[in-house]
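One structure is given here, and the rest of the page talks about it.
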Amino acid sequence: MSCSLLSMGAICPEVHAQTPLMSSLQEIIDTTSSDSIRMDALFDLAWENNRRDPEKALQLANEGKRLAEKIEDPFWVAYSNYYLGAVRKNRGEFVDALHHFNSLRDYLDDNPDTVIYVNTLYQLAVVKKGMEDMEGALADFNDAILLFDALGDSRSVAMTLNAKATILKNIGRFDDAYEVYEEALSTYESAGDTTGMSEVLNNLGNAYSTNGRYQEALECYNIQEIYDRKTGWEFGLGYVYENRGRLYNLMGKLRLAEADLNESIRIRRKLDSKYTLSLTLIELADVQRQRRRFSDAIDNLSDALSLIDQQPEVERKAYLVLSRVHEDQGNYLQSLSAFRRYEEIKDSMTNESISSRIVEMDARFESAQKEAEIEQFILHEVKRGITKYNIVGGYSNLERIKLVTVCSRRESMMIRQEIAKIDQSAFVTVTSIASVWGVGVGFVISDWLSLEYAGDYLASIL
């Protein structure tokens, strides 16, 4: 294989342009008469296309799995889930990705392999991050750090520290994030990995930017540019210009933002990196919107959407910017339509068919003690109100305690995880809510929103 098992989740570089390796792999696929060799080449080529062309990567990985099943190789049937999970993850299909990685982990429980297990654990953490299960992601990253360290894989330790710090940034623990980023930077430096140092500087700059510390963020991006120019790592330079352009956008320096974003686009067109190119085009469209160049903005959004089919992360961001473009032009009906499309895609990314942001949770418990623990969690951790009922089962004629709470979709995931820990026999239902009236108003504005106020509404939430 082109990448060792040890590096599959860690230090194997992603290839973003058609390379001699990719051409060689395709030639093997087209000419070999050996199913085993062809299967191996399919999985390797799927990995190489993972970021460059996720749709093609998914087709290749599925074809590889079919060959593994044909030759009846139990290891490769199980390990194909690694490739399929990685591809699904990059496509934003987190529930499917979670299923693939958990299937592989189940196989590893009976067929232990520390190297594959730790890489699977790392990927599971990334998927949980995408599903907004930050505590679960942190736990898996911490376990992965210990295992990578036991394997003596310092680069993978640094990579996982980098990912852990990003989680800490996302949940607002900025001081902890800065500390872990510095540890990752030091570990990469000890390993002599300047590319890894560049990646950490990029993420550290993003953390400073998110926290409003723009000058420190700018310093990180400028240092990263020096590293990437020395090593000639063009893909890293693409990230420098994209993130610095985004930073200039936040700082209101729109001309500098447009210049950096255009340079990033130039590099990514050269590397044929469709996914990252599409995201940069969307950022450029937002800058052009602010400069009131609406036609250019819409052209770039269309270009971004045409690059990758069925990529929800790209579509989600594109429709959000499109809603802003229409609003700035006074086209409130089109703006609201685009924003609703953005909401639909956001919901679909976790494969949950919920039409609004609010859900009603109905949980029934046999034990008063377990009910009390969940009640305290909802009241004091989630900080939502509850209604309690004493009920009698129609079939069993036994008394039960029923809790009802109205919360956001993300909060419902937290509550479900807590219930699973405390009482696995609890009966739980979740129902979509279109709107809330009376005490608790403010969760959502429903379809009664008049067009007269649509512009003000969008301006208040975007």
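Share of pairwise Cα-Cα distances greater than 28 Å in the chain is 59 percent (whole percent).
Kirkwood hydrodynamic radius of the range 358-433 from all distinct Cα pairs, in Å? After inverting the mean inverse Cα-Cα distance, the result is 12.4 Å. Treating r as the C-beta distance of SER190 and TYR214 and R0 as 35 Å, the FRET efficiency rounds to 0.70. Note on PHE294 and LEU254: their simple-model spin labels are 1.4 nm apart, each label 7 Å out from Cα toward Cβ.
Work out from phi, with θ = phi - 60° and the Karplus expression 6.51 cos²θ - 1.76 cosθ + 1.60, the ³J(HN,Hα) of each residue of the range 318-334, listed in order in whole Hz, and give x for Gly and Pro. Result, rounded to whole Hz: 5, 6, 5, 5, 4, 4, 6, 4, 5, 5, 4, 8, x, 8, 5, 5, 5. Applying 0.36 nm per residue to the separation of VAL404 and PHE377 and subtracting their alpha-carbon distance, the gain on full extension is 8.4 nm.
Our coupling estimate for the range 202-209, obtained by passing each phi through the Karplus curve with A = 6.51, B = -1.76, C = 1.60 and θ = phi - 60°, is 4, 6, 5, x, 4, 5, 4, 5 Hz, Gly and Pro reported as x. Computed about its Cα centre, the charge dipole of the chain is approximately 1240 debye, with only Lys, Arg, Asp and Glu carrying charge at their Cβ. With helices as the sole contributors, the chain gives -22000 deg cm²/dmol at 222 nm; each DSSP H run of n ≥ 4 counts as -39500 (n - 2.57), and the sum is divided by every residue.
Read the figures in this text as sums done on the coordinates, not as results from a lab. Quantities reported herein were computed from a predicted structural model and do not represent experimental measurements. So basically every Cβ, Gly included, is an ideal-geometry build from the backbone, and we count neighbours across all protein chains shown.
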